[in-house]
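Enquirer: After the structure tokens below, expect a handful of questions from me.
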Ligand SMILES: [Zn+2]
């Protein structure tokens with residue numbers, strides 16, 4: 001049984017902040033396929049298309065038949081711990097600061113052995129369930145979990161290094177005027193966040209759900225307008241040092257493409273919220289989070305971008321909004337690069353049509369704000385970096401992965417998307 | 001695969017190894033690998049009474065020569081060999097260098113081969129070497145705690161103990177006996193006696209491995225010459241015949257965790273070619289970066305049955321004066337691990353023992369020795385294994 005982690009005390013401002021260090025970052029290019037899947041929470045290994053042999057570590061050719069056709073395939077999660085060690089001394093500074101550290105050899109049900117991080121609740125010789133996640137360096141790693149859920153399982157020291165669990169952490173939701181922002185606040189509070197700051201622009205202007213929002217445990221409503229640099233900077237100077245998870249729920253969505261719109265006023269509003277909004281937030285909150293990536297139980301750990309799946313490929317029916325979302329999506333990659341070294345993960349949650357006023361005329365299936373909030377909190381608890389929410393987004397991503405150019409053709413047909 | 005035909009490997013007739021050289025190790029040294037190799041080569045030449053120009057074959061093993069290889073060393077050291085080899089096999093380097101050089105001399109491709117291994121040890125070189133040791137280590141073992149070989153051997157040891165019933169005391173007995181052997185060996189870095197109690201209560205490194213299960217990385221060099229029997233006679237050098245050798249890489253790839261090395265695949269041929277049995281061996285030098293792997297070598301070379309290594313250890317005195325002299329200079333566990341030179345240490349020591357020129361305590365009447373090598377934890381197991389049976393002048 002894992003001991004529950006305690007809520008951290010208020011930080012002594014005199015105390016030095018522990019600087020982030022990283023587990024080993026360097027990987028072969030081939031191994032990045034494993035990291036890509038791990039960022040989505042998928043456990044894949046290379047499998048030979050010709051002889052079906054499963055192989056690991058990542059190879060260029062099949063060691064059974066020398067075929068070059070090795071493909072990353074989802075693997076059965078089961079396995080058995082056949083040898084273990086607790087590392088007490090390490091040459092790497094990150095691990096040195098975190099020893100003792102448990103690793104072991106797992107005989108996978110997939111038929112091969114792997115070296116993996118080992119959860120503290122796994123018994124000697126016990127059955128395990130494998131997960132693949134990105135670690136603080138942003139690279140994929142394997143961890144063995146107990147086959148059955150154990151008490152306080154998520155609080156395991158090694159597992160928590162891979163996740164962005166909101167428990168005992170402080171989150172900032174950037175727009176609480178919307179149903180989505182309110183659903184997100186509720187979900188984070190329920191997940192054990194110690195404080196949920198919820199930004200509201202023009203606080204004097206009433207909005208639906210205001211009272212219910214304020215009544216959610218641990219929620220603090222604060223003034224924030226992502227289109228106003230002064231507002232963003234003022235808030236950062238106030239709470240910038242205690243934002244561990246930032247979830248940007250602000251969005252500006254209008255139907256319509258480019259040709260049939262009159263002028264660029266609406267497009268400018270879209271960019272103000274959807275692109276310059278995150279840019280302002282990154283400049284104001286990014287440096288503080290980057291500095292606090294190893295700051296104990298409530299270290300900064302995640303930046304969440306909520307983006308329409310049409311950020312990946314433009315849907316002309318919402319063509320101009322899609323373009324602003326594409327800009328934000330592109331910026332998220334820049335942010336991931338700039339967060340490298342800090343251990344702070346960037347989670348992109350791509351969702352299909354949301355059940356809300358500005359998408360009222362779109363047909364189902366739609367994503368409810370509650371469903372999206374639940375999925376995002378789940379992804380934080382799991383430590384994911386890539387998430388799609390809703391049947392439309394799942395399908396869209398599948399098609400995008402198959403061939404982004406074919407998808408682009410489809411989207412530009414009259415019955416596209 | 002068809003069964004190997006009855007063709008018997010050619011014996012190493014007329015070839016000998018001679019002039020065992022050890023350059024005293026240092027825990028840390030600012031000198032580069034080139035310096036250590038040059039010193040060993042110089043000692044070889046002086047001790048043999050030859051000139052550098054007489055060396056027409058050169059074989060090098062080193063982890064820290066980068067960006068050079070054996071090629072760059074020829075110009076650096078002023079050699080003009082007609083046969084050149086670079087053996088990057090870590091703990092199997094000594095045995096493999098010997099068998100390659102022996103064939104070169106036997107076939108006339110070279111007359112006088114200098115086999116040299118040497119490595120630097122700067123303050124940070126161990127960490128750097130681990131992080132870029134191999135692609136598989138980089139992708140799939142170093143990111144898991146960065147425990148290096150300590151963690152790899154801890155997993156092997158944990159598994160071996162669970163499946164065979166070996167106890168820490170059994171591994172301790174190997175380490176304690178080697179320390180005893182090291183006390184008389186002038187170049188050993190560890191010169192304090194070691195008790196079983198100290199072994200058992202030592203600081204844990206990577207459970208079940210503790211401090212005295214691990215070698216100390218250091219700088220140093222080892223070397224020997226391979227030449228014809230006649231050449232050795234002319235130079236009046238005590239010479240050692242090569243009775244048999246084996247080499248194997250990536251043996252038993254489907255074992256989920258390493259429980260044996262390549263020796264098990266080749267040991268029948270090894271003993272048949274040598275024309276001797278395990279009982280005829282006066283001393284054994286195993287590759288001992290951790291005691292568990294020495295125990296596996298006892299088993300896989302046929303000194304005892306699989307899984308009975310611990311019992312074998314319990315039944316023997318492993319010191320130079322004992323019933324089964326093993327790692328007679330103290331091995332890497334007590335002398336230190338000078339990188340690839342660790343793969344030469346046992347061989348060079350065996351050459352001294354069977355020629356009656358031990359620097360430490362001489363094993364009485366030692367004539368026949370077996371040396372085995374093991375190397376390169378590429379990911380989760382050592383890939384290279386090899387062994388050589390050697391006979392001194394009196395054998
Ligand atoms: Zn294949």
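Enquirer: For residue A:330 and residue A:36, calculate 0.36 nm times their separation in residues minus their Cα-Cα distance, and state this gained length in nm to one decimal. Numbers along the way, then the final one.
Expert: Working: separation 294, 0.36 × 294 = 105.84 nm, distance 1.69 nm.
Taking residue A:330 through residue A:36 to full extension adds about 104.2 nm, to one decimal.
Enquirer: Here is a follow-up. May I ask you to sort A:268, B:99, A:133 by Cβ crowding, counting other Cβ atoms within 10 Å and putting the fewest first?
Expert: A:268, B:99, A:133
Enquirer: Further question: Which residue fluctuates most in the GNM of chain A (Cα springs below 10 Å): A:266, A:105, A:91?
Expert: Maximum among the listed residues: A:91.
Enquirer: Here's another thing I want to ask about it. What is the spin-label model distance, in nm, from residue A:205 to residue B:195 if the labels are put 7 Å beyond Cα along the C-beta direction?
Expert: Inter-label distance under the simple model: 8.2 nm.
Enquirer: Pick out which of B:281, B:123, B:354 has the largest mean-square fluctuation in a Gaussian network model of chain B, springs linking Cα atoms closer than 10 Å.
Expert: The residue that fluctuates most here is B:123.
Enquirer: Another question, if that's okay. What list of whole percents do you get for P(r) of the protein assembly as shown, with Cα-Cα distances grouped in 20 Å bins up to the one holding the largest distance?
Expert: Per 20 Å bin, starting at zero, the Cα-Cα P(r) for the protein assembly as shown comes out as 15, 39, 27, 16, 4, 0 percent.
Enquirer: Now, a different point. Which whole-number value in Å³ per residue fits the convex hull of the alpha carbons of region B:52-183? Kindly include the intermediate steps, with their values, before the conclusion.
Expert: Values: hull volume 24.5 nm³, N = 132.
Dividing the Cα hull volume of region B:52-183 by its residue count gives 185 Å³.
Enquirer: Suppose R0 equals 45 Å. What FRET efficiency, 1/(1 + (r/R0)^6) with r the Cβ-Cβ distance, do residue B:317 and residue A:99 give to the nearest 0.05?
Expert: Computed FRET efficiency for residue B:317 and residue A:99: 0.75.
Enquirer: If you line up the long axis of helix A:391-402 against the longest principal axis of chain A, both from Cα atoms, how many degrees apart are they, to the nearest 10?
Expert: Tilt of helix A:391-402: around 60 degrees.
Enquirer: Does anyone have the angle between helix A:319-339 and the longest principal axis of chain A? Alpha-carbon axes, 0 to 90°, nearest 10?
Expert: Roughly 40 degrees, rounded to the nearest 10.
Enquirer: Right, here's the next one. For region A:166-226, what mean projected area does the convex hull of the alpha carbons give, in nm²?
Expert: Averaged projected hull area, Cα only: 3.5 nm².
Enquirer: Another question, then. Of the beta bridges DSSP finds with both residues in the protein assembly as shown, what % are antiparallel, to the nearest 5?
Expert: Bridges in the protein assembly as shown are about 60 percent antiparallel.
Enquirer: To the nearest 10 degrees, how steeply does helix A:265-274 sit against the main Cα axis of chain A, on a 0 to 90 scale?
Expert: The answer is roughly 30 degrees.
Enquirer: Can you give the FRET efficiency to the nearest 0.05 for residue B:268 and residue A:64, using r as the Cβ-Cβ distance and R₀ = 30 Å?
Expert: On the way: r = 27 Å, r/R0 = 0.89.
Result of the calculation: an efficiency of 0.65.
Enquirer: In Å and from the alpha-carbon atoms only, list the Rg and Dmax of region A:267-323.
Expert: According to the Cα coordinates of region A:267-323, Rg and Dmax are 15.0, 46 Å.
Enquirer: To check you understand DSSP bridge types, tell me what percent of the beta bridges within chain A (both residues inside) are antiparallel, rounded to 5.
Expert: 50
Enquirer: In square nanometres, what is one fourth of the surface area of the convex hull spanned by the alpha carbons of region A:2-76?
Expert: Details: hull surface 33.7 nm².
Convex hull of Cα atoms, orientation-averaged projection: 8.4 nm².
Enquirer: Among DSSP beta bridges lying fully in chain B, give the percent that are antiparallel, nearest 5. Numbers along the way, then the final one.
Expert: On the way: 38 of 52 bridges.
DSSP beta bridges in chain B are roughly 75 percent antiparallel.
Enquirer: Counting other beta carbons within 10 Å of each Cβ, put A:318, A:329 in order, fewest first.
Expert: Ordered by Cβ neighbours within 10 Å, fewest first: A:329, A:318.
Enquirer: Using helices alone, what [θ] at 222 nm do you get for the protein assembly as shown, with -39,500 (n - 2.57) per DSSP H run of 4 or more residues, divided over all residues and rounded to the nearest 500?
Expert: When only DSSP H runs of four or more count, the value is -10000 deg cm²/dmol.
Enquirer: Looking at the square roots a ≥ b ≥ c of the eigenvalues of the Cα gyration tensor of chain B, which shape do they give, rounded for a/c under 1.5, prolate if a/b is larger than b/c, or oblate?
Expert: rounded
Enquirer: Here's another thing I want to ask about it. Can you pull the one-decimal nm distance between simple spin-label points at residue B:31 and residue A:394, each 7 Å off the Cα toward Cβ?
Expert: 6.7
Enquirer: Starting from 0 in steps of 20 Å, tell me what percent of the Cα-Cα pairs of chain A lands in each bin.
Expert: It works out to 25, 55, 19, 0, in whole percents.
Enquirer: At residue A:74 and residue B:69, where each label point lies 7 Å from the Cα along Cα→Cβ, what is the point-to-point distance in nanometres?
Expert: 4.5
Enquirer: With N residues in region A:170-411, what two-decimal value do you get for its Cα radius of gyration over 2.2 N^0.38 Å?
Expert: Relative to the 2.2 N^0.38 Å estimate, region A:170-411 comes out at 0.97.
Enquirer: Separate question: Pick from A:281, A:19, A:180: which is most flexible by mean-square fluctuation in a GNM of chain A where alpha carbon atoms under 10 Å apart are linked?
Expert: Sorting by GNM fluctuation, first place goes to A:19.
Enquirer: Another one. Working from the alpha-carbon coordinates of region A:32-160, get Rg over Rh, Rh being the Kirkwood radius.
Expert: Expressed as Rg/Rh, it is 0.98.
Enquirer: Any chance you could check the Cα centroid distance between region B:261-306 and region A:26-97 for me, in angstrom?
Expert: Taking the Cα centre of each part, region B:261-306 and region A:26-97 sit 34 Å apart.
Every read-out reported here was derived from the displayed coordinates using simple, explicitly stated rules and does not represent laboratory data. Bear in mind that the values here come from a model prediction, so they are computed numbers and not experimental data. All Cβ positions, even for glycine, are placed from backbone atoms using ideal geometry, and neighbour counts span all protein chains on display.
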